[in-house]
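Comments concern the structure below.
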Amino acid sequence: MSSEARTEALTSQVSTADTVKRYSVWIATAAILTSLPAILSSGTALTTMSLMGIMIVFSLSYNMLLGQTGLLSFGHAVYYGLGGFFTVHAMNGFGGKALAIPLPLIPFVGGVTGLMFGIIFGSVSTRRAGTSFAMITLGLGELVASASPILPTFFGGEEGISTNRTTLPAFFGLRFGSQLETYYLIAAWCFVCAALMFAFTRTPLGRMSMAVRINPERTEFNGYSAAMVRFFVFCVSSFFAGVAGSLAAVNFELMTVASISARQSGTVLLMTFVGGVEHFIGPILGAILVVFLQSFLSDLTDAWMLYFGLLFVAVVVFAPGGLAGLIMLHAPLVRRSRLHRIIPYYAVMLLPIALGLVGAAGLVGMARILWANNSNATVHFLGVECHAGNPLAWGAAVLLMFAGLWLGRLWASRVSKVFVLLGHEPPKQVGR
Amino acid sequence: MLQLAILSTLNGILYGMLLFLLASGLTLIFSVMGVLNFAHASFYMLGAYLGFQISQLAGFWVALVAAPLLVGGLGAAIERWGLRAVHKRGHGAELLFTFGLAIVIEELVQMVWGKLPVDYRVPAALNFHAFEVLGITYPAFRVFMLLMALGIFLLLFFVLTRSRLGLIIRAALTHPEMVSMLGHDVPKVFMLVFGAGCGLAGLAGVVAGPLLVTQPSMANTLGPILFVVVVFGGLGSVPGAFIASLTIGLVQTFAVSIDYSLGDALAGIGVGRPTDGVLRDIYSVPVAQVGPLIPYLILVLVLIFRPTGLMGARET
Amino acid sequence: MIALSLRSVSKNFGATQIISDLSLDVRAGERHAIIGPNGAGKSTLFNLISGRFQASQGRITLLGQDIAGLKPFQINRRGLSRSFQVTNFYSNLSVFDNLVCGFLWHAGYRYSFWHNMRRLDDVNQRTELVMREIGLAHRRDDEAGTLSYAEQRSLEIGITIAGGADVVMLDEPTAGMSRIETAHFVAMIRKISTGRTLIMVEHDMGVVFELADRISVLVHGQIIATDTPDNIRKNKAVQEAYLGRAVDTEDGDE
């Protein structure tokens, strides 16, 4: 989180107009969340948006560890999954009668579960930071995942544990049978959790967690135990991860061991990092992007996970601030009202990118068909039929890809020069 | 019973040596460069698949030499053009890079060779029984693996203790900054160490492929155990990795062969068995199923109580 | 009253003895300087007192409480605060936020996640005061990493005194500063150390003789003299340690 560069009144008296202005983003978000189903009303859209809501809470909870406190965890899915499992069991009445809690309050079950395990596991994980912490979370994650075949009553083995959200008592007449109602439930919880996690960054613990990330030694000499700060943040983060798990349980009415797996932990790391760890909005963007790509790409191609991996590596190497970081790079331009001047340059950049992507996708497509021992098969690519074994086709694809890369590099250096100019030159001196 | 014990011991040592082949590379990379190579098991997998492919074309013995070289070369190239760019941003960024790399490698392997296991067979030349002990026969290929791993261990030992390069590497194991300040070409050493480490992993893959199943998930099943071995043995310690590998190899192999459960043990002293629920699960699980948990338990306990591991010189 | 007391404190790293059998009493409210040639062990002594290192032997008492073996944050909570020779603050945070981090624990907010930082009037007001005292009010919202060297050293002192510690330890506060900056710093240090106990490691003799009530000379891990500045100047053993020989006439400042 960048430092607060705001000159604030020393006392806390604010006018109503100020309050509205400060919360305008939140009010707008609430409005958007409420009206989305009216715009995108198909079943798929609602399911996707519900999943996005769940993942937003999950990623935001993860970024409390990674972006705020500098803790890289490889086992965060444990709290998500366990929260979900306790929830389905609670909804099923733990084998007895169904619980008498209305559905909207159910996510608390997941939250408390996450908190509980966060306290237990966090007490041993947070003594050290860095690679040591990463290793312990990996070990704990694998430990829990390996324990799942041993406890089929709790984890349900291959089929998992299923439940029915309509069996719970009605909430003002609502039984949440439809996806629309479930969406609103998730959206409400997502909004509240995001607001709470944002508020957390403005509290002493939230502030000191950032200090611990930047300079843990200094915090010790300011009276804080860095390990305790990490522990408390870990607990809060696990609470929200558990809430996300609960929402998933409610949404899918099914919980499987995939939710505590290393793959799930890897996914939330991917989402959060690609979205951007240095800004609060980063994980939100990352969750939306990844869920969107997952549903969109998996229809197009089988190799979508490969593209994710490549995207992740590209972000690590070239854009460690993630999507949010890239967007915020434009802040100086926005402040100087010069954003529109860089847009033509970006537009031109689309050409080499398109060339490169076409070439790469062609290569990948042909390679896949070829390796499936079908060298006589043809690939339909952009309306043109190419023979998968045809060297000309390969040559063309390679040419396109390298042309894209080369042109892209040339143009990119030009764009970055203009970018720096626009961002830092005083208003009057930039030539027209 | 004795038969089982002997077989398990042999297999446990074998598994342990396999782990050591991998762990030695990983611990070298970690200790010299500070990078925890998340993709180490992926290079192992690449070695297995390349070994399979090359042995289809030119036979196993060619594959034995060519595949590790290819994998090592790839590792060196990745270090030079990928990892190095991230190096200056700290260990967290390097860890993330290798994490992404692991995903990419696994997906590429799946894309090229498919999701099902490939038919990587023991070469005909080694497909016989080496010896017989108490009625059990032991395959020659396994003996070959054992000898190969031992050979590598000795080679590593001599390189590390007798050569100049080995001296530099050993110094870097415990004092990496000092080594660079003494004027050694650290980037080149890094590239060499990373490449060699990956090459070792590839070699392990070529040899283990016919034994364990060669499939895309092999990296994910072995990967976490590797980290356990490295942390357990201690950083900066190749001998530590050796002891840890053997220990975990033996423990896991023996655990898998024990069919007793807690319930069996307690029934022996007259305690009744619960009929359902989570307690029943705990009571009736055989030790064999608890086997996979043990390494992770060790990892967590080591990191809590003895972060330097068995023989480590540095903390993680 | 004695604010800080060391009794037979030793520290060795393996076979190397850095501090041997050191005893020292710092009186409450005094300004006490520790001087000595390079390698005498001054930084190690600071690290021992503030908890960064554990003493191999001996007792350290702060305001009557035994602090040997405690962790840095425990010692800080008992009223001792230190600055670092190499600036050690939160480089990505603003000047204001840096200082606030120094205040939070001692203002009683601890691990609270229910207070809004913006509404902590007491903390914010005290931070503004300290900011003015160290002369950085005009750089309030600038990132600490972008400050000039002297400004960074000022911020370092600010973070050190923010918590309101009774015993303040400054490790070479004026290192690397120009004449003018040093003079300005001395005035600031004098102001902020009123009503507190100040222990200072310094190389600049001008600063030492201007500020210190008493001086201790540390040579090869042992204190060879503790006295008023005038007496230290005349002390033969001190002269030998610094100059290699005793001097007959007064030499004045270095």
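No value in this document is a laboratory result; all are computed from the given coordinates. Values in this document were obtained by computation on a predicted structure and should not be read as measured data. We place every Cβ from the backbone using ideal geometry, glycine too, and count neighbours over all the protein chains shown.
Worth pointing out:
- Distance between region C:173-194 and region A:328-364 - C-alpha centres, whole angstrom: 51
- Tensor-based shape of region A:172-326 (alpha-carbon gyration tensor, a/c under 1.5 rounded, otherwise prolate or oblate): oblate
- For region B:153-222, the fraction of alpha-carbon pairs in successive 5 Å shells from zero, as %: 4, 13, 20, 19, 13, 11, 10, 7, 2, 0
- Cα gyration tensor shape for region B:1-94, rounded if a/c is under 1.5, else prolate or oblate: oblate
- Membrane-span-like helices in chain A, defined purely by DSSP H runs whose alpha carbon atoms cover 18 Å or more axially and whose average Kyte-Doolittle hydropathy reaches 0.0, are A:24-39, A:43-63, A:77-91, A:107-125, A:130-147, A:179-200, A:226-252, A:262-275, A:281-300, A:304-318, A:339-371, A:391-424.
- By average C-beta atoms within 10 angstrom, highest first, the peptides C:43-50, C:209-216, C:93-100: C:93-100, C:43-50, C:209-216
- Per-bin percent of Cα-Cα distances, chain B [20 Å]: 30, 55, 14, 0
- Listed values for region C:31-37 are Karplus-derived 3J(HN,Hα) couplings in whole Hz (6.51 cos²θ - 1.76 cosθ + 1.60, θ = phi - 60°), namely 9, 10, 9, 10, 10, x, x, and x replaces Gly and Pro.
- Average 1/r across all pairs of distinct alpha carbons in region A:94-223, invert it, and you get the Kirkwood radius: 18.6 Å.
- Cα gyration tensor, region C:12-118 - rounded (a/c under 1.5), prolate or oblate: prolate
- Across all C-alpha atoms in region B:188-260, the radius of gyration and Dmax reach 14.3, 52 Å.
- Counting only lysines at least 8 places from B:LYS88 when in the same chain, those with an alpha carbon closer than 29 Å to its own are A:LYS417, B:LYS188.
- Sequence-ordered 3J(HN,Hα) estimates for region B:180-191 from the Karplus curve with 6.51, -1.76 and 1.60 and θ = phi - 60° stand at 5, 6, 7, x, 6, 6, 4, x, 5, 4, 4, 4 Hz, glycine and proline given as x.
- Trypsin sites (Lys or Arg not before Pro) within region B:117-171: DSSP coil, no more than 16 neighbouring Cβ in 10 Å: B:ARG121
- Dimensions of the protein assembly as shown from C-alpha coordinates, computed as largest minus smallest value along each principal axis and given longest first, are 99, 76, 75 Å.
- Each principal axis of region B:137-179 carries a Cα extent, and these read 52, 16, 8 Å when sorted largest first.
- Span from the region B:1-49 Cα centroid across to the region C:95-146 one, whole angstrom: 52
- Scattering curve values for region A:16-305, log₁₀ I(q)/I(0), Debye with Cα scatterers, q = 0.09, 0.11, 0.13, 0.14 Å⁻¹: -0.43, -0.64, -0.89, -1.03
- Alpha-carbon centroid distance for the pair region B:85-122 / region A:48-111, whole angstrom: 29
- Qualifying lysines (Cα of each under 20 Å from Cα of C:LYS71; at least 8 residues distant if same chain): C:LYS11, C:LYS42
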